[in-house]
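Report on the following structure.
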């Protein structure tokens, strides 16, 4: 009987207690620890905790002039120009699932330069892991692999624009591939600096030899193509 009680404890009660400890630690870190950090360090801590890739989102009012390196690994500019360079639509097609609920169109979470995360360079689509991700622009794959806080990242380029698809669980393309609009680049996931399954979707425009600007992805799709839920949705 004692053996069964101990076994039950390890199978049922111990995981529950570990979960409670994690939640308590999470709250303590947010409420007590972060406010004690130096003022300059607090935004980075919040961004790390809430899934904003650090060192990759230092834009100012939607733009940043500097090296095209983003994160620890630089994403190159190839110079590719081909047909289908117009960017439109959303990278996820319904029906799709978030948790146990099915939706007919994508959920829109944290937005570009969200009031809570001013350095956010794109938009987040919360969606279950393994959902097909489609390119919103025809073009050439210039990055397909791991990239630090972005996790598994695919970048598609055409005519001075790059589309970034981050935190993927699987990548379906290779560098050098020429894609048509709507082709599947990979599957949504939770890799890199991420605290929950979602797609980070960003658009970059080349503005000079070594400069670029992040653009608001919402200007390339309509409100009726998504369901807005906000950060934490």
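A few points about this structure:
- For segment 100-229, the relative contact order comes to 29 percent (Cα pairs under 8 Å, sequence separation of at least 6).
- For segment 59-228, diffusion coefficient by Stokes-Einstein and Kirkwood Rh (Cα), 20 °C, 1.002 mPa s, µm²/s: 136
- Under the simplified labelling scheme, the residue 180-residue 227 pair shows an inter-label distance of 3.1 nm, with each label point 7 Å from Cα along Cα→Cβ.
- Scattering profile of segment 134-233 at q = 0.14, 0.19, 0.23, 0.25 Å⁻¹ [log10 I(q)/I(0), Debye over alpha-carbon scatterers]: -0.54, -0.99, -1.33, -1.43
- Dimensionless Rg/Rh of segment 183-233 - Kirkwood Rh, Rg from C-alpha atoms: 1.02
Quick note: the coordinates plus some simple rules give every number you see, no bench work behind them. Note that the structure is a prediction, hence the values are computed from the model and not measured. Quick reminder, even Gly has a Cβ in these numbers, built from the backbone with ideal geometry, and neighbours come from all protein chains shown.
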